[in-house]
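One structure is given below, encoded as structure tokens.
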Amino acid sequence: QVQLVESGGGLVQAGGSLRLSCAASRRIFGIDAMGWYRQAPGKQRELVATMSNGGSTNYADSVKGRFTISRDNAKNTVYLQMNSLKPEDTAVYYCRRTTPLNDYWGQGTQVTVSS
């Protein structure tokens, strides 16, 4: 069983930056896509950014130009660089890796942006 472990969350002032990491416990074969999602209190979980196995990226309109998803295959790790953070970015951030047969989620990491 693969485990995804997120790290890098925390408290930051508006305008600041954080980099989230999502490390897999082992190499995942046949990945279709990897991504970051977030869930704010009282709201549904929403897509933040995704990257296909081929490297194509997709971002929520609310984070375009501020967030960047990247990966390091050698480290089995996916990153989310978050710049120019806003209070509305406050949420629990989850990473996800999907294959044709499996759908893996991390446990989440809290990001809090103060105004």
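Here's the picture: charge each Lys and Arg Cβ at +1 and each Asp and Glu Cβ at -1 in the chain, and of 111, 23, 44 the one pushed furthest to the positive end of that dipole is 23.
What's the carbon and sulfur percent of the chain's accessible surface, probe 1.4 angstrom, rounded to a whole number? Mind showing how you got there, number by number?
On the way: 2830 of 6200 Å².
Its accessible area is 46 percent carbon and sulfur atoms.
Considering all different alpha carbon pairs of segment 65-108, the Kirkwood hydrodynamic radius works out to 12.3 Å.
Assuming 0.36 nm per residue, please report the length gained on full extension of the stretch residue 1 to residue 43 beyond their Cα-Cα distance.
On the way: separation 42, 0.36 × 42 = 15.12 nm, distance 2.94 nm.
Stretched out fully, the residue 1 to residue 43 stretch lengthens by 12.2 nm.
Taking the chain as a Gaussian network, Cα atoms linked when under 10 Å apart, which of 52, 21, 70 shows the biggest mean-square fluctuation? The residue with the greatest mean-square fluctuation here is 52.
The local environment of residue 31, defined by Cβ-Cβ distances under 13 Å, has a net charge of +3 under the rule Lys, Arg +1 and Asp, Glu -1. Once divided by 2.2 N^0.38 Å, the Cα radius of gyration of segment 2-57 becomes 1.33.
Determine the sum of side-chain charges near residue 107: Lys and Arg each +1, Asp and Glu each -1, restricted to other residues whose C-beta is under 13 angstrom from that of residue 107. In short, 0.
The values are calculated or read from the model by the stated rules, or taken from the named source; none is laboratory data. All values reported here derive from a predicted model rather than from experimental measurement. Methodologically, a virtual Cβ is constructed for each residue, glycine included, from the backbone with ideal geometry; neighbour enumeration extends over all protein chains shown. Only protein heavy atoms, including side chains, enter the accessible area calculation; ligands, DNA and RNA are left aside. Shrake-Rupley method; radii C 1.70, N 1.55, O 1.52, S 1.80 Å.
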